[in-house]
Every structure is written in structure tokens, then in C-alpha cells.
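Worksheet: the structure to be examined is printed underneath.
Nothing in this text is a laboratory measurement; each read-out follows from the coordinates by a stated rule. Bear in mind the structure is a predicted one, so any value in this text is a computation, not a measurement. Positions of Cβ are generated from backbone atoms using ideal geometry, with glycine treated the same way; all protein chains shown enter the neighbour counts.
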Amino acid sequence: MIPLSWYLVFAALLFCIGLYGVLARKNAIGILLGIELMLNAVNVNLIAFWRYRSPGGIAGQAFAIIVFAVAAAEVAVGLALIISIYRRRSSVVANDMNMMKW
Amino acid sequence: MSTELMIWLLPLPPLLAFFLIVLFTNRYKALSHSLAVGAALLSWLGSMVVFFRAISTEHLGTHPFESVLNWLPTGNNWFQIGIRIDPLSAATLFFVAWTVLMIFIYSVGYHNYGQPAGDHDKKGLQPHGATITDEHGHRHVVPSIEPMYSRFFAFIGLFAFGMYTLVVSNNLLTLFVGWEIMGLCSYLLIGFWYQKPTARAAMIKAFITTRVGDVFMLLGIAYLYSSIGSLSYSDIFKPETLQTLASTPAIGGFLGLSAAGMIGILLFIGTIGKSAQWPLHVWLPDAMEGPTPVSAMIHAATMVSAGVYMVIRMFPLLQAGSEGGHLTPAMSLLAVIGTFTAIFAATIALAQNDIKRVLAYSTISQLGYMIAALGIGAYVAAAFHLFTHAFFKALLFLGSGSVIHGVEHGVLHTGEKVDPQDMFNMGGLRKKMPITFWTFLIGGFALSGFPLITAGFWSKDEILADAFANGHWVVFVTLALAAFITAFYTMRQITLTFLGEPRSDSAHHAQETPWTMTLPLVVLAIFAISLGWAGIAESFPVIGNLIPNFVHEFVGGTLIEMPEALPFTVIPLLVSVVAALGGLTLGWLVYRNQKAGAEDPLKATLGPVHTLLKNKYYFDEIYDTVFVRPAYWLADNFTNQILDRGIIDGILHFIARVASNVGTIFRNYFDKPVVNGFGDFVGEGVKRVGRTIKVIQTGKVQQYLLMALVLVFGAMFYFVFSFFGH
């Protein structure tokens, strides 16, 4: 059986890839994708810990499903925002979206 | 109604009238005078009932009508006030009620009720007359109604209240209250025409001068209260109380007086002020600035009589300690002051030209008679002269007011610029104003003591007889001389005013006054004659036995020991007859041919003495130099400059400066740096911090995320190292 640490290393790598994407990509959709990766890395962690530590309970699965739902909602809102910004500014570059500063 | 209750109520109607007029009816002249006269009538009616009940009561002197109320709590006890009608106050009540009522009625006419309002009359000035056009189109100037008509009636109402209170009181405190109310009314009424500077000066002079006496009187009252713990007459006049007071030496052994003598003298100083005796006589002649009914009421019939009434009342106290007919020091003082005032004022009256001022000085002189009579122990004679004098002097004053009124009518008619009060502008008024003339003649003869007919003769004769019988020669001679001078100046006045020919157009056009003024004159004239019959000495030849000596029996009964009636002696009688008739004849001879514009014949005869008399022995000037100017000087230089501006203002300014300096220090070293500094620091600090850190808010989401990451790493390192640190 594959040891738990493999899953954790995989999840950490996935999280770092997502994080890098979020910080480094210019495209807002890319940033959104990075966030999805980070969320799913967390999901992998949740499921792995559930399977190896407390397989009797359902807390890990339940959290993973809640994270899915949050991620889906987040993507829906995020994409809608990006589309709206694109319509106004014809751009999806994250650095152009600086209307929130003082 | 019980007599006591009625006595309680006697003073109240005029007080009620005062308040009603002041508060409600000030605008309605007819209503106001109806209220005042109605109140006077009510009090008069009550007084008459009380008086007649009093004279029909046996032994009223020992069992007076008396009733008391608890008033002020004094420790375990009460200070009681109450009313008391004994023979003396009953008789006083009689003349007060009559004169007050007559003067109230007279005031209606005097203030020109029923006349049109004046053309240019102002409040606080005498009415100047109104122009009317009759049916033929002629224009006349007629007297105009007093602008402050109601106010006058309110004041005399209050005055009447004061007088009634004084008379019915059974103790010195309420007597003093009435006394001071009258003092206030006197002030208000002398200055009734307050826009005249002379009236203002006169009102202040009267008030301050009488105040000098009142302070001493109050001291006397306080001394008496501290000695015997009561002020009611029945307590004071108990023989044992008097005995104690007479044998106790006064505080500090002052001049070797007894306590009784000291109290008596202090109270008497109050009388000197109120009854205008020398040396506090100066206010009374100036008080003639007031309207004539005021002069009659306050300065002849009632208020100045109150002073004499008070010393007559206090006679047992003054007499306490006298043995074997010797005078006590207090009585000697009375005798000296009274006698001196009698002759002193009479001489001044010789040289006055103002009809009212002559009467004012004669009032001072006659009050001096009463004081002198009391000083030599002639209790009944003093009281008798007080009663008769009140009537004939009120009559004379009202008569003089009527004369002035008549001449003023002439002044308005002719438009002449003459003083309607100067007797040298009059003359021949006998035919123009017959009622005034006859009544004035009766009053004048009563004042001079015209033998047998007039009241003044009987009372004055009794004083002289008393002085003669008890061997007070100086008093006797001086008073007889004063009687002669009195007769002389009275006849001078009558001759100049009524006899001969008019000496001015105004006198020529003088007119008899309305019935409201002549009726009181007639009533008072009846008393000026008939009152004397009540006091004819029984030892008097022929007529002495016809009428009982009512005054002696009745008033004498007030004292515990009834004074003895004097045996008849012919010398004082002859002296007073000669003085009266001689003075009258001489007065007539000297002045009967007085021509218009001619000088007073006395001026040539007396020379510089006349100037001295004319200027009233320069007493006003002396007082001005000795008291008034130093007082002003002291007020200005000491009180104002040094005390007020220097010391008091200095202290205040110092406190203000210290406070101001302390304030500046607080402001500069605490408020500005600390309080303001802290506030500014907080505000500026927040602003600066915000300005400094706003650069990190770039609006770029990735930078935010990067910062969050850095912080998370930082936090993580911190926790990890602090975890391994333990």
C-alpha cells in the first residue's frame, strides 16, 4: 500500500504548483485555475488523512465535498467577475485590475 | 360687634383702599377717590362708635378696651401685639378720625376733581391749567385735574392706616410700625410732585432728618425691651416696673441717668424728629412742597401729633423717679427743648412770606408748647392742646390751601406771573372767598388763643396756668412771649391775606373754592371753637361751673394717679388774654395798610434781626456746612475714592489679575501643550501612519496574495521556532 507521505508530498507539490500559478500568471483565468489546484491539493490531503487515520468517520469526505461545493461556487462567481471586467476593459490581465487601490 | 373687634378693624379700611387703588382702580379717578373717602368714612364711623363707647365706660383708665394676640415666638414666650383704647387714645382717635375724614374730602376738591385734563400737564408736576372755550367762543384758562389723582388717594389711604395703627396700638413696637409707615408716606407725599427739584430735595430732607430721631427711638425701644422684656403699655406702666426702671442706673452710668430717664430721652429724640422740635425742625417747613392736604394731614394734624402723642403716652416713664414735684432729667430736657422750640419757631414765623411756611413754623412752635407742657408735668394740658391744635391747625392748613387754590384760579385767569403762596400778593380775599375767610379767621384766632370763644385759648391758657402754678418762671415767661408773637404773626397773616385791598390782579380774580373744600373747613371750624368748652377748668370764674371739665376727668384718668385740677389764678389768665389780644391788635395795626410792592414793615423795625429770622437763623446753612457737605465730602473722598475705588476695587482687581494670570499659565503650560498636544498627536499620528502605509495598497491582487504568503511564512516560522525553542 502506498504510504501516506506520498499523498502528502503529492498534495504539497500540487499546492505549490497552484500557488505558483496564482502568483505568477498574468491571466486572471490562470489565477483562478491556480486556486482550483490549491483547493484540490487540500482535498487530496483531506481524503488521504481520512483514509489513513480515521477511516471509520465521514468527516474527511464531508469536508472534501464542502470544498468542492465552495470551489464550484467560487469559480462561478470568479468567472462571472472576469467576464464582466473583460467586457468593460477588454482585458483579463490581473495587473490591469487595480481599481481597488486608494 | 364687640368693641375690641371693632378697634382691631379700625385701621384696615384705608389699607384696603390703598391696595385696591394701587392694584386695580388706578386708572379710574372717581372710583379711586370713592374708595379712599369711603374707607376713611368707615374708619371714622368705627372710631366714633368706639369713642362714644369709651366715654360712656366707667374707669376706662384702669380698665381700658384691650385685646392681644401672640405674634412673634420669643423662646418660651410670645411677643404679643394688640390694641388698647384708654382715655388718651380714645380722645386721639376722635381727632384723628375727624381730621382724616375732612382732609380726604378736601383732597377731592383740592386736586380739581371734575375739571378738564390739563393742556401740558405732566405726571409729577403740579397741574398747570386747561384752556376751555365757552359758548360765546371766549377762551379761559381754568384749573386742571391732578394727573396722578388716584396715586394721591392711595398714599393718603396708607397714611391713614399708619396713623390708626399707631393710635390703637397697645405696645411700642406696633406704634413704631405705624410711625414708620407714616414716615414713608410723608416722604412719598412731600415728593408727590417729584419732577420739581425742590420737592425732591424736601422729601429726602424730611426722610433723613426724621430718620435721625427714629434711630434713637428704636434704640430706646430696644433698651426698654431688654430691660423689662415687654413693650406693651400695661407692662411698662406697672408701678413696680417703673420703680425698678427708675432705680436702675442707665447702661454705663451715662450722665447719672436712671434707665427710665435714658429710655425716656431716647424715645423723646424720636419725637424731636417726628414732631420737628429744635434741632431737628428743619424738615417741616420744607415739607410744605407737598400738596396742601398733605401739609394739613401729615404736617399739622396727625403725623407730627404722633410724636407728641408718643411722649404723652410715655409720660409715666418720663416721670418715673420724680419725687416731691422735682422734674426728672428727662422732663427737664422736654421742658427746655419744648420751650426753646416754641419761641424759636414763633420768631421765624414772623418773617416768612409764604402762607404755608408761616403755618409750618407755627406748627413747630405749638408742638413745642405741648412738649414744654409735658416737661413741666402738665399732662392733661399737653394732651388738651394736642387735641385742639390738631383741629385748628388742620383748619388753617386747609384754609391756606383754599386760599392758594383761589389765588391760583386768579393766576390762571389773568396769566400773571406771581407766586400764589406769597401773602404779599394777596389781600382783600375776604370778599372773594367768604367761607374760607371766616373759617380761617376762626382757626387763626384759635391759634392765637383769642379769649373765651376759641379752643386754643383754653388749652394754651391751661399750659400757662400750669407753668405759673408750679413756679416754672422761665417756661411761663417764654411761652407767654411766644403766645404774643403767635398772635402777632397770625394776625399778620390774616391781615395780609384777607383784609385790605387786593395787591395783585390774581388776588382780584380769586374765587371761592368748591364745596368739597369748604365743607371740611366749616366742620373743622366748629371743632376749633367748641372743643375748648370740653376742657374749661372748673375753677374758672363764672363759666367754669357751667360745663364739667370733661377733658381733665377723662384724659386724666389715663394716669394711675389722677392729676389734680389747678386752683384758679388770675395772673396767667391776664397774661394770656393780653398776649393774644395785644398780638392780634398789633398785627392788625402794622399790616392793615400794606400796599402792593411795599416792603414788610417789620424789615425796617427789626433790621438785621429780620434778615436773621427770614433766613431761619441760618439753620439750613449751618446744617449744610456742618453735616451735609462733610457727609458728601466724606462720601466722595473717603468712601468713594479710598474705600470703594482704592481698597474694595483694589482687592477685586487684584483677585481678577491673579485669576487672569493663573489662567494664562494654565493655558500656556497645560492646556495648549498637554491637552491640545495630545489631541493633535493622536490626529496627526493617525494621519501620518495612514499616509505612510497607504503605498502597500496597490489594488493588485497578486501583490496582496504575495504579502499574505510572506506573512503566513513569517507566522509559520515564528510558531515553528517558538515550538522548537521550548
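Return the whole-Å distance between the Cα centroid of the range B:558-585 and the Cα centroid of the range A:58-80.
Rounded to whole Å, the Cα centres lie 141 Å apart.
At a threshold of 8 angstrom on Cα-Cα distance, excluding pairs fewer than six apart, so keeping six or more, what relative contact order does chain B reach in percent?
Values: 1221 pairs, mean separation 82.4, N = 726.
Value for chain B: 11 percent.
If you take the square roots of the eigenvalues of the alpha-carbon gyration tensor of the protein assembly as shown and sort them as a ≥ b ≥ c, do you get rounded (a/c under 1.5), prolate (a/b over b/c) or oblate?
prolate
Please give the FRET efficiency for B:Lys700 paired with B:Asn668, using the beta carbon to beta carbon distance and R0 = 56 Å, rounded to the nearest 0.05.
Efficiency, rounded to the nearest 0.05: 0.65.
Using only alpha carbons, build the gyration tensor for the range B:20-179 and give me the equivalent ellipsoid semi-axes, biggest first, whole Å.
42, 18, 11
Filter B:Lys122/B:Lys274; B:Lys460/B:Lys616; B:Lys29/B:Lys205 down to the pairs with a C-alpha to C-alpha distance above 29 Å, please.
Pairs exceeding the cut-off: B:Lys122/B:Lys274; B:Lys29/B:Lys205.
Using the Kyte-Doolittle scale, which helices in chain B average at least 0.5 and also have C-alpha atoms spread 27 Å or more along the helix axis, with helices defined as whole DSSP H runs?
Span-like helices, by this rule, are B:29-55, B:87-110, B:149-168, B:197-228, B:329-350, B:355-375, B:379-414, B:473-498, B:570-591, B:701-725.
Give me the aspartates and glutamates in straight-line cross-link reach of B:Lys123: C-alpha distance below 13 Å, same-chain residues under 8 apart excluded.
Partners within reach: B:Glu146.
Just to be sure I understand: of the beta bridges DSSP finds with both ends in chain B, what percent are antiparallel, rounded to 5?
Given both bridge residues lie in chain B, the antiparallel proportion sits at roughly 95 percent.
Helix-only mean residue ellipticity at 222 nm, the protein assembly as shown, DSSP H runs n ≥ 4 weighted -39,500 (n - 2.57), per residue, nearest 500. What is it?
Rounded to the nearest 500, the figure is -21500 deg cm²/dmol.
Please give the FRET efficiency for A:Ala80 paired with B:Asn676, using the beta carbon to beta carbon distance and R0 = 41 Å, rounded to the nearest 0.05.
The value I calculate is 0.20.
Using the Cα centre of the range A:4-91 as the reference point, and only Cβ charges (+1 on K/R, -1 on D/E), how large is the resulting charge dipole? Debye, rounded to the nearest 20. Walk me through the intermediate numbers first.
Numbers: 7 positive and 2 negative charges, 59 e Å.
The calculated dipole for the range A:4-91 is roughly 280 debye.
How high is the FRET efficiency between B:Ser539 and B:Ile648 when r is their beta carbon distance and R₀ equals 60 Å, given to the nearest 0.05?
It comes out at approximately 0.30.
Output the antiparallel fraction of DSSP beta bridges having both residues in the protein assembly as shown, as a percent to the nearest 5. Write out the running numbers ahead of the final one.
On the way: 18 of 19 bridges.
In the protein assembly as shown, approximately 95 percent of DSSP beta bridges are antiparallel ones.
Explain nothing, just compute: Karplus ³J(HN,Hα) = 6.51 cos²θ - 1.76 cosθ + 1.60, θ = phi - 60°, for every residue of the range A:82-98 in order, whole Hz, x for Gly and Pro.
5, 4, 5, 5, 4, 4, 7, 10, 6, 8, 10, 7, 5, 5, 6, 8, 10
Roughly how many debye, to the nearest 20, is the charge dipole of the protein assembly as shown about its Cα centre, given +1 on each Lys and Arg Cβ, -1 on each Asp and Glu Cβ, and no other charges?
5000 debye
Provide the three semi-axes, in whole Å and in decreasing order, of the ellipsoid equivalent to the range B:621-695 as defined by the square roots of 5 times the Cα gyration tensor eigenvalues.
63, 9, 5
Measure off 7 Å from each Cα along the Cα-to-Cβ vector at B:Leu45 and B:Ile453, then give the distance between these two points in nanometres to one decimal.
For the pair B:Leu45/B:Ile453, the computed spacing is 3.6 nm.
Subtracting the Cα-Cα distance from 0.36 nm times the residue separation, let me have the gained length for B:Val522 to B:Phe19 in nm, one decimal.
Taking B:Val522 through B:Phe19 to full extension adds about 178.0 nm, to one decimal.
Within the range B:145-247, report the chymotrypsin sites (Phe, Trp or Tyr not before Pro) that DSSP leaves as loop and that have at most 16 other Cβ atoms within 10 Å.
Here the chymotrypsin sites (Phe, Trp or Tyr not before Pro) that fit, given the DSSP loop and packing criteria, are B:Tyr194.
Assuming 0.36 nm per residue, please report the length gained on full extension of the stretch B:Ile132 to B:Ile547 beyond their Cα-Cα distance. Intermediate results must be reported in sequence, preceding the final value.
Numbers: separation 415, 0.36 × 415 = 149.40 nm, distance 5.50 nm.
Computed gain between B:Ile132 and B:Ile547 is 143.9 nm.
Near B:Lys672, which lysines are there with a Cα under 26 Å away, not counting those fewer than 8 places off in the same chain?
B:Lys687
Quote the relative contact order of the range B:82-169 in percent (integer), defining contacts as alpha-carbon pairs under 8 Å separated by 6+ residues.
Here the relative contact order equals 33 percent.
From a point 7 Å beyond the Cα of A:Met1 in the direction of its Cβ, which residues of the range A:33-51 have a backbone N at a distance under 14 Å?
Residues A:48-51 qualify, since their backbone N sits under 14 Å from the label point.
In nm, give the distance between the simple-model label positions of B:Leu12 and B:Val215, each being 7 Å from the Cα along the Cα-to-Cβ direction.
Those two pseudo-labels are separated by 3.8 nm.
Magnitude of the Cβ-charge dipole of chain B, K/R +1 and D/E -1, about the Cα centre, nearest 20 debye?
I would put it at about 2680 debye.
How far apart, in nm, are the 7 Å Cα→Cβ label points at B:Trp71 and A:Asn27?
Going by the 7 Å Cα→Cβ label model, 11.7 nm.
Taking a point 7 angstrom from the Cα of A:Arg51 along the C-beta vector, which residues in the range A:1-33 have backbone N less than 14 Å away?
A:1-11
Highest mean first, what order results for B:129-135, B:7-13, B:101-107, B:390-396 on Cβ atoms within 10 Å?
Going by the mean number of other Cβ atoms within 10 Å, highest first, we get B:390-396, B:101-107, B:7-13, B:129-135.
Any idea which of A:Ala28, A:Ile47, A:Ala72 is furthest toward the positive side of the dipole for chain A, if Lys and Arg beta-carbons carry +1 and Asp and Glu beta-carbons -1?
My answer, from the dipole projection, is A:Ala28.
Quick check: from the Cα gyration tensor, does the range B:154-199 come out rounded (a/c under 1.5), prolate or oblate?
It comes out prolate by the Cα gyration axes.
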